Amino acid sequence: MSDTEVVRLVTAVSGGAPGGGACSSDAAVERFARAALTTAVEPGDLEAGRLVAALGPEGVLRAVVEGHDAERVLRAARHAEVVPLRGAPRAAFEDASPERAAEDARAVRRIAECLERWRPRLSLDESCRAVERASRLGVQLLTPDSDAWPEGFASLEGGEPLALWIRGDPNRLARLEHSVALVGARASTDYGEHVAMEAAAGLVGRGFAVVSGGAYGIDAAAHRATLASGGLTVAFLAGGVDRLYPAGNSDLLRRIAGEGVLAAELPPGNAPTRWRFLMRNRLIAAAASATVVVEAGRRSGSLNTAGHAAQLGRPLGAVPGSILSPASAGCHRLIREYAAICVTSAEEMAELADPLGTGPTGSPAAAAVRPVEGEPRGGDAEGVVLSVLSSARRADADEIAARAALPFTTVAAILGRLDLAGRARESGGGWTLSERRHA
């Protein structure tokens with residue numbers, strides 16, 4: 001394949017160079033190599049990360065498609081490791097100690113196993129088709145050389161993604177510098193969803209983006225409330241960004257693609273699997289400034305995300321629930337056994353993510369409305385919002401808050417709940433009563 005063809009393919013999915021302008025030949029070749037490797041390498045493959053760090057993505061791609069054996073790959077990796085150290089190369093190559101021989105033997109076995117895994121899945125033709133498929137779907141390729149690459153991924157070291165496949169504006173990912181991951185159980189309770197929506201709306205009002213995984217339950221509640229509040233939300237998926245999973249959230253995921261970002265390590269067409277969900281969780285934890293588990297049973301997958309956050313040294317919070325509720329048992333365990341910080345409000349979550357208060361100050365719309373003494377609570381506030389909504393005339397969340405004399409964050413959370421319940425719907429930037437509200 002010619003460099004010209006590579007530039008054409010990659011430019012179609014990368015939007016040019018990191019800082020704008022044309023995509024150079026060298027940059028295009030590296031990005032194509034990363035794209036190709038995502039077709040064969042499973043997320044979180046540490047051996048792949050080490051080889052890419054040593055040989056570069058193009059070097060690893062060549063080793064796979066040109067049939068290099070494990071010994072040759074190891075020699076190249078060893079050379080890359082020692083060459084920058086002046087005076088060290090020859091001594092390093094001539095180390096014939098038993099320890100070095102045993103270490104090399106183990107490395108050769110690991111590399112051989114990797115090559116055996118990757119070769120059946122990787123071909124240049126299929127890689128080209130993957131990039132062309134992404135281009136047709138409007139999916140973009142984001143690589144670590146981009147200004148929008150999440151800074152938090154650097155903490156993953158060898159587990160950093162090779163690339164991200166993106167639906168939405170990739171530049172929005174730069175705003176994850178000030179973000180909170182809100183995660184929790186798929187089988188959530190009304191309490192958990194209410195807390196997630198109040199938290200998401202409150203975080204948006206304080207200028208934070210909200211990160212989650214697009215799943216049912218807590219994830220969906222957090223995403224919906226963020227969108228209703230006019231904030232940025234990012235969903236990291238376990239399959240391709242064209243595989244809107246779960247299917248019941250497909251409309252929500254399309255909204256996120258339009259107003260936020262859908263991101264995945266795997267190219268379009270790949271299905272999510274249990275292993276991929278678990279590895280996806282590390283991206284949620286690494287991308288966000290802090291992770292908060294809103295509601296989780298003892299076996300919830302969100303505890304895996306919490307584990308990644310703790311391993312990365314990121315701030316970890318958990319929302320308490322009733323001691324009688326199995327749905328909060330996982331949160332209580334995080335607080336008791338894993339030193340998670342007990343958080344009970346968006347303010348405390350923002351403080352967890354930005355303890356010095358040096359982050360954003362929030363959106364003007366959200367900041368314009370403050371809680372007042374004696375404001376309606378719970379169902380009373382919901383009734384007020386329903387009375388303001390019309391089935392014929394759209395109104396945005398700011399207008400509804402002003403007419404209802406309620407805080408913006410409260411209204412945003414209520415609108416999210418009404419949307420989930422099918423009693424209100426958002427379209428064209430405004431909210432109306434749903435025709436299905438009496439069903």
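The values are calculated or read from the model by the stated rules, or taken from the named source; none is laboratory data. Here the structure is a predicted model, which means the values were calculated and not measured. Here the Cβ is made from the backbone with ideal geometry for all residues, glycine too, and neighbour counts use every protein chain on show.
Inspect all residues belonging to region 288-295 and state whether any of them is farther than 28 Å from Leu164 by Cα and either surrounded by 21 or more Cβ atoms within 10 Å (Cβ to Cβ) or modelled with pLDDT of 95 or more (or both). Yes: region 288-295 contains one or more residues that are farther than 28 Å from Leu164 by Cα and either surrounded by 21 or more Cβ atoms within 10 Å (Cβ to Cβ) or modelled with pLDDT of 95 or more (or both). For region 60-77, check the following and say yes or no: at least one residue is surrounded by fewer than 16 Cβ atoms within 10 Å (Cβ to Cβ), at pLDDT below 90 and farther than 26 Å from Ala105 by Cβ. No; the residues of region 60-77 include none that is surrounded by fewer than 16 Cβ atoms within 10 Å (Cβ to Cβ), at pLDDT below 90 and farther than 26 Å from Ala105 by Cβ.
Considering Arg175, Arg167, the condition of being among the basic types (Lys, Arg), outside any helix (DSSP H, G or I) and within 20 Å of Gly230 (Cβ to Cβ) is satisfied by Arg167 alone.
No other residue among Gly258, Gly239, Gly231 is at pLDDT 95 or above and crowded, with 24+ Cβ neighbours inside 10 Å apart from Gly231. Leu266 - would you say it is of a type in the set (A, V, I, L, M, F, W, C), within 27 Å of Pro355 (Cα to Cα), touching a residue at least 12 places away in the same chain (Cβ under 8 Å) and crowded, with 17+ Cβ neighbours inside 10 Å? Judged against the criteria, Leu266 is not a match.
Per-residue answers, yes or no, for (1) assigned by TED's automatic domain parsing to the domain that holds Ala199; (2) under 28 Å from Ala350 (Cβ atoms); (3) outside any loop (DSSP other than H, G, I, E, B):
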residue: Gly231; (1), (2), (3): yes, yes, no
residue: Val234; (1), (2), (3): yes, yes, yes
residue: Gly240; (1), (2), (3): yes, no, no
residue: Gly248; (1), (2), (3): yes, no, yes
residue: Leu262; (1), (2), (3): yes, yes, yes
residue: Ile284; (1), (2), (3): yes, yes, yes
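Looking at region 119-126, can you tell me whether even one residue there is assigned to a loop (DSSP other than H, G, I, E, B), more than 25 Å from Val65 (Cβ to Cβ) and either out of contact with any Leu (no Cβ under 9 Å at 6 or more places or on another chain) or modelled with pLDDT of 95 or more (or both)? No, region 119-126 contains no residue that is assigned to a loop (DSSP other than H, G, I, E, B), more than 25 Å from Val65 (Cβ to Cβ) and either out of contact with any Leu (no Cβ under 9 Å at 6 or more places or on another chain) or modelled with pLDDT of 95 or more (or both). Within region 311-318, does at least one residue satisfy the condition of being farther than 15 Å from Gly152 by Cβ and in the same structural domain as Tyr338 (by TED's automatic domain parsing)? Scanning region 311-318 turns up at least one residue that is farther than 15 Å from Gly152 by Cβ and in the same structural domain as Tyr338 (by TED's automatic domain parsing). Comparison of Glu198, Glu157 shows that the only residue that is surrounded by fewer than 20 Cβ atoms within 10 Å (Cβ to Cβ) and among the acidic types (Asp, Glu) is Glu157. Within region 316-333, the residues that satisfy the criterion of being of a type in the set (A, V, I, L, M) and either surrounded by fewer than 14 Cβ atoms within 10 Å (Cβ to Cβ) or closer than 18 Å to Arg186 by Cα (or both) are Ala318, Val319, Ile323, Leu324, Ala327, Ala329. A single member of Ala288, Ala340, Ala327 is under 22 Å from Thr233 (Cα atoms) and touching a residue at least 24 places away in the same chain (Cβ under 8 Å), and it is Ala288. Contact annotation: residue pairs with Cβ atoms under 7 Å, 6 or more positions apart or on different chains, pairing a residue in region 296-321 that is of a type in the set (Ser, Thr, Tyr) with a partner that is assigned to a helix (DSSP H, G or I), are Ser300/Gly330; Thr305/Asn281; Thr305/Ile284; Thr305/Ala285. Trp165 meets all of the listed conditions (1) touching a helix residue (DSSP H, G or I) at 6+ places or on another chain (Cβ under 7 Å); (2) free of Cβ contacts under 8 Å to residues at least 12 places away in the same chain but one, namely (2). Taking the stated definitions as given, is Leu176 in contact with a strand residue (DSSP E or B) (Cβ under 8 Å, 6 or more places away or on another chain), hydrophobic (A, V, I, L, M, F, W, C) and crowded, with 19+ Cβ neighbours inside 10 Å? The answer is yes for Leu176. Restricting Gly207, Gly184 to those that are surrounded by fewer than 24 Cβ atoms within 10 Å (Cβ to Cβ) and either among the small types (Gly, Ala, Ser) or not assigned by TED's automatic domain parsing to the domain that holds Asp354 (or both) reduces the list to Gly207. In region 396-431, what residues are within 18 Å of Glu259 (Cα to Cα) and not in a helix (DSSP H, G or I)? Of everything in region 396-431, those that are within 18 Å of Glu259 (Cα to Cα) and not in a helix (DSSP H, G or I) turn out to be Asp396, Arg425, Glu426, Ser427, Gly428, Gly429, Gly430, Trp431. One residue stands out in region 381-394 among those that are more than 18 Å from Val195 (Cβ to Cβ), out of contact with any Leu (no Cβ under 7 Å at 6 or more places or on another chain) and not β-branched (Val, Ile, Thr): the one that is modelled with the lowest pLDDT, namely Ala392.
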